[in-house]
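First up is the structure itself, then whatever we jot down about it.
Derivation of every value follows stated rules applied to the coordinates shown; laboratory data play no part. This structure is a prediction, so every number in the text was calculated from the model and none was measured. Don't worry about glycine lacking a Cβ; one is built from the backbone with ideal geometry, like all the others, and counts go over all protein chains shown.
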Amino acid sequence: MSEFTRADVEHVAQLARLALRDDEVDELTAQLGVILDHAAQVSALDISDVPPTAHPLRLVNVLRPDVPGPSLDRDEVLAMAPDAEDGRFRVPRILDAP
Amino acid sequence: MTAVELAADVRAARRRAVDVAQEHLAVVAARDDELHACNLVMREEALDAARAVDEAVARGDDPGPLAGVPIALKDNLCTRGVPTTCSSRILEGWRPPYTATVVERVLAAGAVPIAKTNLDEFAMGSSTENSAFGPTRNPRDPSRVPGGSSGGSAAAVAAGYAPLALGSDTGGSIRQPAALCGVVGVKPTYGLVSRYGLIAFASSLDQVGPFADTVTDAALLLDVIAGHDPRDSTSIPDAVAPLVPVVDRGVEGLRVGIVTELTDVDGISAEVRTAVERAAHTLEQAGASVDRVSVPSTQYGLSAYYLIAPAEASSNLARYDGVRYGLRVDGEDVAAMNAATRDAGFGAEVKRRIMLGTYALSAGYYDAYYGQAQRVRTLIVRDFARAYEHFDVLLSPTSPTVAFELGAKTADPLAMYLSDVCTIPTNLAGHAAMSVPFGAGEGGLPIGVQVLAPALGEEPMFRAARVLEVGR
């Protein structure tokens with residue numbers, strides 16, 4: 001089932017926002033194929049009638065009272081950001097210039 | 001000296017916490033150049049905390065059940081103002097603006113934080129060789145790995161840096177290094193211990209737990225950290241009964257099952273299998289009944305885990321995007337900055353898992369991989385439930401082998417993943433399990449036996465572990 005190709009790796013890397021180098025793409029193409037072969041053990045099981053388990057606890061909709069409380073200190077948080085300005089995170093250009 | 005004895009001495013003013021801290025810091029200074037169990041030695045924080053404990057004792061106040069006991073903290077637990085790296089370049093230099101609940105609880109109980117310990121980057125690995133800051137070595141034999149991912153915490157306890165340490169366990173990351181370093185390691189029931197401030201890897205599997213030299217010390221630490229935390233929505237709201245008063249109650253009448261699929265299979269070394277047999281015999285001598293039990297779907301645990309854990313990790317690690325904290329590598333726009341930052345900041349294993357998880361969740365593959373793994377998870381839960389109708393606790397190896405040489409498995413990810421084959425099913429089920437040192441194998445290296453219990457089955461699990469400790 002190792003039909004995992006370089007093109008697959010490049011596509012997934014783009015989804016995962018990873019700018020992989022060429023040598024990383026080569027290595028991952030080989031390694032992910034081997035790991036997915038092992039994972040194929042579960043893909044091959046005939047268990048379509050079994051419901052999935054996403055989580056071991058049966059807790060649902062854990063809510064707290066909707067009362068404002070103290071949060072993290074903004075200056076302390078922004079001091080740890082790579083770039084900040086006017087109380088906000090600063091990032092490079094998102095849209096093309098008009 | 002055990003944590004129980006140290007705390008008793010400090011509370012009774014027979015020893016000063018500052019002296020205890022100095023002694024342990026001296027051990028760190030003497031050994032950590034070689035072992036590299038620590039990412040950061042918290043010298044000032046340790047001495048400040050110890051002084052506060054001594055002052056409380058002098059005032060006649062009780063500093064708490066961990067009074068003056070040094071503790072090592074895995075470096076994926078947030079400590080306000082103190083660097084927390086997950087052994088990753090992407091978080092190098094980051095100082096969290098808040099402290100993990102488990103750290104707050106041990107400090108409130110009088111513990112003295114001695115170090116932030118090394119781990120496989122973002123807790124992904126079984127040898128601590130995936131740390132961006134270099135591997136940790138096993139104190140029992142420095143040519144060997146300490147296991148992982150909490151290898152630094154296991155090594156810190158084994159080397160005498162501290163009688164206690166905290167780690168996290170997503171697929172065996174407390175139990176496997178505990179086994180390889182010859183200490184006690186506990187993966188509590190999912191939801192028993194708060195994860196607020198534990199940096200997330202795979203959220204439906206991650207759990208914080210204790211390392212200690214003795215079973216009773218592990219119970220003492222678990223008693224301090226267990227219990228509901230409103231800041232963690234996956235925290236079990238029920239009250240929990242303390243374990244220290246019950247660990248010595250023995251195993252008379254306890255029904256113990258050896259899990260055949262995790263014990264009598266290829267890949268488990270003969271000496272490890274023998275240790276499990278001897279452990280079962282020890283429990284039998286102490287009044288337990290022992291039989292073999294089949295938990296068939298556990299044989300698919302590893303495959304299911306290596307789809308579920310990377311899938312959750314790929315989502316959790318999306319937050320490291322160069323915007324709010326940690327590393328940023330510039331790019332011409334946000335997308336290029338994100339991708340360049342993540343390529344520079346993550347190591348090879350983390351990228352492997354992000355890629356694997358992203359693929360398993362991607363359109364066209366979701367049901368064949370992630371969906372199917374979740375259905376296997378249901379089978380594992382059902383099979384364990386059936387076994388626990390007839391048994392109170394189960395036994396298996398913790399690790400298939402004793403500690404392996406550094407570099408032995410770094411070129412073969414799948415071989416490394418197989419180190420966790422015995423520990424993973426417990427995480428998938430959300431149950432409790434612990435590793436207790438029991439005998440030695442090749443080269444005198446420690447072997448760990450795993451005691452498994454159903455959700456909230458910590459009491460019989462600790463009672464069995466304590467009997468094994470006495471009888472080893």
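For the range B:373-454, which GluC sites (Glu not before Pro) pass both filters: DSSP loop (anything but H, G, I, E, B) and at most 11 other C-beta atoms within 10 Å? If you can, show how the numbers build up before the last one.
Values: sites: B:Glu389, B:Glu405, B:Glu442; in loops: B:Glu389.
Of the GluC sites (Glu not before Pro), the ones in loops of the range B:373-454 whose Cβ has at most 11 other Cβ atoms within 10 Å are B:Glu389.
How crowded by other chains is B:379-387, given as the mean number of beta carbons from other chains within 10 Å of each beta carbon? Could the numbers behind the result be given before it?
Working: counts 5, 1, 2, 2, 0, 0, 0, 0, 0.
Partner-chain Cβ atoms within 10 Å, mean over residues of B:379-387: 1.
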Farthest towards the positive end of the dipole of the protein assembly as shown, among B:Leu395, B:Ala455, A:Gln31 and with Cβ unit charges of +1 on Lys and Arg and -1 on Asp and Glu, lies the Cα of B:Ala455
What the Cα atoms of the range B:370-470 span along the principal axes, largest first and in whole Å, is 42, 39, 16
In nm², the average projected area of the convex hull spanned by the Cα atoms of the protein assembly as shown is 26.9 nm²
Over the Cα atoms of the range B:270-319 the radius of gyration and the largest Cα-Cα distance (Dmax), both in Å, equal 18.1, 52
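Just the ratio, please: alpha-carbon radius of gyration of chain B over 2.2 N^0.38 Å, N its number of residues.
Working: Rg = 21.0 Å, N = 472, 2.2 N^0.38 = 22.8 Å.
Working it through for chain B, the quotient is 0.92.
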In order over the range B:395-408: 3J(HN,Hα) from phi, Karplus 6.51/-1.76/1.60, θ = phi - 60°, whole Hz, x for each Gly or Pro, gives 10, 6, x, 8, 10, x, 9, 6, 4, 9, 5, 4, x, 5
Quick calc: nm separation of the 7 Å Cα→Cβ label points for B:Ala408 and A:Val25 -> 3.7 nm
Counting Lys and Arg as +1 and Asp and Glu as -1 over every other residue whose Cβ sits under 12 Å from the Cβ of B:Val467, the net charge comes to 0
Any lysines whose Cα falls less than 23 Å from that of B:Lys116, other than same-chain ones fewer than 8 residues away, would be B:Lys74, B:Lys187
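Among the trypsin sites (Lys or Arg not before Pro) within the range B:125-232, which fall in a DSSP loop and have no more than 15 other Cβ atoms within 10 Å of their own Cβ?
Numbers: sites: B:Arg137, B:Arg140, B:Arg144, B:Arg175, B:Arg195, B:Arg231; in loops: B:Arg137, B:Arg140, B:Arg195, B:Arg231.
Those satisfying the criteria are B:Arg231.
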Dividing the surface of the Cα convex hull of the range B:151-205 by four yields a projected area in nm² of 3.8 nm²
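Using C-alpha positions alone, give me the convex hull volume of the range B:346-402 per residue in cubic angstrom. Present the calculation step by step, with values, prior to reporting the outcome.
Numbers: hull volume 6.9 nm³, N = 57.
Roughly 122 Å³ of hull volume per residue.
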Quick calc of log₁₀ I(q)/I(0), the range B:212-351, Debye, one scatterer on every Cα, no solvent, q values 0.09, 0.16, 0.21, 0.22 1/Å, result -0.58, -1.11, -1.20, -1.21
Computed for the range B:249-380: size of charge dipole around the Cα centre, +1 on C-beta of each Lys and Arg, -1 on C-beta of each Asp and Glu, debye to nearest 20, value 260 debye
For peptide A:15-27, the mean count of other chain Cβ atoms within 10 Å per residue Cβ is 6
Between the Cα axis of helix A:6-15 and the main Cα principal axis of chain A, the angle (0 to 90°, nearest 10) is 20 degrees
For the range B:52-140, using Cα atoms only, the Rg and Dmax in Å read 15.3, 47
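Over 20 Å apart: what share of the alpha carbon pairs of the range B:222-296 falls there, rounded to a whole percent?
Working: 1532 of 2775 pairs.
Tail of P(r) above 20 Å: 55 percent of Cα pairs.
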Answer in debye to the nearest 20: the dipole magnitude of the protein assembly as shown about its Cα centre, from +1 Lys/Arg and -1 Asp/Glu charges placed on Cβ, is 820 debye
Per residue, the convex hull enclosing the Cα atoms of the range B:303-367 spans a volume in Å³ of 86 Å³
In Å³ per residue, the alpha-carbon convex hull of chain A encloses 282 Å³
A:Asp37 and B:Thr260 label points (each 7 Å along its Cα→Cβ direction) are spaced in nm at 2.9 nm
With x for Gly and Pro, the residue-by-residue ³J(HN,Hα) of the range B:425-439, computed from phi through the Karplus equation 6.51 cos²θ - 1.76 cosθ + 1.60 at θ = phi - 60° and given in whole Hz, is x, 4, 5, 4, 7, x, 8, 9, 7, 9, 10, 10, x, 8, x
